[in-house]
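**Q** First, the structure itself, so that you have it in front of you.
The values are calculated or read from the model by the stated rules, or taken from the named source; none is laboratory data. From a predicted model like this one, the values you see are computed outputs, not experimental measurements. Here the Cβ positions follow ideal geometry from the backbone for every residue, glycine too, while neighbour counts run over all protein chains shown. Note: accessible area is taken over every heavy atom of the protein model, side chains too, but ligands, DNA and RNA are not part of it. Shrake-Rupley method; radii C 1.70, N 1.55, O 1.52, S 1.80 Å.
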Amino acid sequence: MAEYLIKNGFVFDPVLGIKGDATDVAIKDGKIVETTAVKSPKIIDATGKTVLAGGVDIHAHVAGPKVNIGRNFRPEDKLFTYKPGRGIERMQGGFSVPTVIRTGYNYARMGYTTVMEAAMPPLYARHTHEEMRDTPILDQGAYPVFGNNWFVLEYLKNHEIENTVAYIAWLLRATKGYAVKVVNPGGTEAWGWGLNCENVHDPVPYFDITPAQIVKGLIEANEYLGLPHSMHVHANNLGNPGNYTTTLDTFKLSEGIKPNSKFGRDQVMHHTHVQFHSYGGDSWANVESKAKEIMDYVNSHDNITIDMGQVTLDETTTMTADGPFEHHLTELNHLKWANADVELETGSGVVPYIYSPSIKVCAIQWCIGLELALLAKDPMRVFMTTDHPNAGPFIRYPRIMKWLMSREAREQQFDAFKHKDKVIDATNLAGIDRELDLYEIAQMTRAGPAKALGLAHMYGGLAPGLDADVAVFDFNPNEPYAPDDIEKAFGNARHLFKTGVQVISDHEVVSNGNKRTLWVNARVNENPQVMRDVKEKFLRYYTVTLNNYEVTGHHYLPNPYVIEVDATE
């Protein structure tokens with residue numbers, strides 16, 4: 001494997017504590033090494049440019065059945081967005097729901113090298129892995145959903161923590177999953193009865209259990225196993241005025257639980273796309289930001305991480321395993337709606353949506369996401385996402401960087417709002433002077449999410465021994481620049497290395513890389529009862545056999561990276 005020396009770039013790396021110093025970065029055998037370890041490297045002149053570790057996206061919807069439904073469901077999303085193949089690049093298409101080919105290339109162009117699929121229905125894990133397999137360049141993992149799974153609901157209802165643990169371990173292995181994901185706990189199962197769970201104490205029909213019991217039980221099971229990532233939750237009551245109280249109630253379920261992990265994380269809960277969970281008021285007429293109340297809690301509790309779910313003011317495609325929310329959304333905008341139920345496990349919905357700057361609520365949502373990041377005292381625990389594609393496409397990350405780094409850019413967007421004064425009255429953003437720097441951006445997009453995922457030994461920094469995921473951008477932080485210069489530079493990397501392979505050179509994709517699929521093999525004591533329960537339910541309820549359920553073989557995981565966890569006594 002070739003050796004490289006990236007010379008004299010302005011490096012921003014929270015792992016090493018480097019804040020823009022002109023520093024050399026050396027690459028050998030797929031790893032970052034000391035500069036003295038390379039003998040005859042290829043020189044990459046980064047003078048006057050910014051050097052960062054490869055980006056890590058902790059939460060996006062980029063592969064699997066609901067994403068594919070979105071592609072088929074929205075031919076208009078593909079209109080005028082096709083890009084023909086050129087060189088090694090294959091044909092690409094789609095805007096808010098791009099093809100897997102475009103997904104890999106567009107993330108790479110932003111300097112991202114690791115992306116996690118945020119909600120994998122276990123029954124459709126094979127489909128999800130096939131799409132991840134075909135996504136170029138990126139290392140990826142997927143989070144199986146557990147919060148509406150019949151096995152989990154029954155075990156937690158009966159306070160059977162060891163059975164819950166054994167089932168989680170089995171399902172991670174069967175689906176080649178990475179983490180425990182919870183979406184609208186209990187609410188998606190209730191949707192099968194035309195109902196929902198709107199707060200943490202609403203009972204789930206038939207199962208006689210509450211979302212609070214589901215979330216707390218899965219946190220405890222996650223720590224029993226000592227998984228790399230904390231329990232990853234999309235709370236109840238998403239997207240409704242006044243829902244910030246439900247969010248705070250969900251946060252509080254993590255109190256008193258300490259992390260049990262050998263992978264370097266300090267948290268027991270990750271709450272995703274918090275923008276959608278930070279609304280005050282009691283109707284859309286008086287909805288207002290409660291980001292300050294949310295961040296007061298986050299800033300004072302070290303055992304949780306969050307991501308933004310930043311609205312980007314685009315036409316997009318919403319998709320979530322929160323089936324009742326998608327029905328609510330189609331009742332609001334009267335656009336087309338797809339709904340699915342996944343037997344015994346989860347459900348989902350897909351609805352197109354337009355976040356228009358002419359609509360007051362959309363402008364308020366835009367403010368709230370930015371407030372969450374700008375009010376954060378620790379950027380290592382607050383991560384940049386759009387909940388792609390729900391609040392907007394991931395290709396807008398450079399635009400979000402512009403808004404976070406430039407008050408001028410935020411003021412320009414305020415001036416474009418039709419209801420500017422009403423938006424300012426309902427939010428805090430206009431009064432926030434803070435402008436993030438590239439070191440803080442690196443914390444939010446590299447070091448922080450890598451640590452929260454339990455992958456800080458691989459990703460997120462430029463220390464010797466870490467994977468050689470390195471991005472170089474045409475941006476000089478020491479010279480005057482306009483806000484749009486930020487978006488332009490960080491949307492089009494000059495160079496990108498993925499595990500030591502140069503995949504972008506002078507802005508051109510030159511390699512499809514050596515991507516890997518990450519999954520967790522959690523070993524537990526043998527549990528005959530759980531395996532009997534699994535076999536019985538497959539025999540009685542599932543429309544597939546157990547042999548056709550599990551993900552096995554080179555076809556689905558041609559290049560797996562297995563993280564071993566030993567929870568045996």
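**Q** In debye, nearest 20: dipole of the chain around its Cα centre with unit charges on the Cβ of K, R (+) and D, E (-)?
**A** Here the size comes out at about 1240 debye.
**Q** Still on this structure: Under a no-solvent Debye model with one identical scatterer per Cα of region 24-138, what's log10 I(q)/I(0) at q = 0.10 Å⁻¹?
**A** The computed values of log10 I(q)/I(0) come out as -0.42.
**Q** In addition: Using a 1.4 Å probe over the heavy atoms of the protein chains, calculate the carbon and sulfur portion of the accessible area of region 467-569 as a whole percent.
**A** 46 percent
**Q** Solvent-accessible area per residue for the chain at a 1.4 Å probe radius, Å²?
**A** Details: 20050 Å² over 569 residues.
Averaged over the residues of the chain, the accessible area is 35 Å².
**Q** Moving to a separate point now. From Cα pairs below 8 angstrom and at least 6 apart in sequence, can you work out the relative contact order of the chain, rounded to a whole percent?
**A** Answer for the chain is 20 percent.
**Q** Using a 1.4 Å probe over the heavy atoms of the protein chains, calculate the carbon and sulfur portion of the accessible area of region 212-320 as a whole percent.
**A** The nonpolar share, carbon plus sulfur, comes to 45 percent.
**Q** If you find the alpha carbon centre of region 457-536 and of region 255-315, how far apart are they in angstrom?
**A** If you average the Cα positions of each part, the centres end up 24 Å apart.
**Q** From Cα pairs below 8 angstrom and at least 6 apart in sequence, can you work out the relative contact order of region 54-182, rounded to a whole percent?
**A** Once normalised by length, the contact order is 25 percent.
**Q** Still on this structure, please answer the following. Just name one of Gly454, Ala468, Pro483: the one whose Cα is farthest towards the positive end of the charge dipole of region 438-493 (beta-carbon charges, Lys/Arg +1, Asp/Glu -1).
**A** Working it through, the farthest residue towards the positive pole turns out to be Gly454.
**Q** Let me ask something else about it. When only Cα pairs under 8 Å and 6 or more residues apart are kept, what is the percent relative contact order across region 449-569? Working shown, then result.
**A** Values: 133 pairs, mean separation 23.5, N = 121.
Reported as a whole number, the value is 19 percent.
**Q** So which GluC sites (Glu not before Pro) in region 512-553 end up in coil per DSSP with only 15 or fewer other C-beta atoms within 10 Å?
**A** Qualifying residues, ordered by number: Glu526.
**Q** A further question on this structure: Mind grabbing the accessible area of Thr246 for me, 1.4 Å probe, Å², rounded to tens?
**A** For Thr246, the solvent-accessible surface is approximately 10 Å².
**Q** Return the loop-located chymotrypsin sites (Phe, Trp or Tyr not before Pro) in region 203-290 (DSSP other than H, G, I, E, B) with at most 16 other Cβ atoms within 10 Å of their own Cβ; answer none if there are none.
**A** Taking region 203-290 and a limit of 16 other Cβ atoms within 10 Å, the loop chymotrypsin sites (Phe, Trp or Tyr not before Pro) found are Tyr206, Trp284.
**Q** Grab the DSSP H runs of the chain that are 4 residues or longer, score each as -39,500 (n - 2.57), total them, divide by all residues and round the 222 nm result to the nearest 500 deg cm²/dmol.
**A** On the way: 19 runs with 176 residues, N = 569.
Calculated mean residue ellipticity at 222 nm is -9000 deg cm²/dmol.
**Q** Rank these residues by their accessible area, most exposed first, probe 1.4 Å: Phe475, Phe10.
**A** Phe10, Phe475
**Q** Another question, if that's okay. Counting other C-beta atoms within 10 Å, and keeping those with at most 15, which DSSP coil chymotrypsin sites (Phe, Trp or Tyr not before Pro) do you find in region 23-119?
**A** Passing both the DSSP loop test and the Cβ count: Phe80, Tyr82.
**Q** Percent antiparallel among DSSP beta bridges with both residues in the chain, to the nearest 5?
**A** Of the beta bridges lying entirely in the chain, close to 55 percent run antiparallel.
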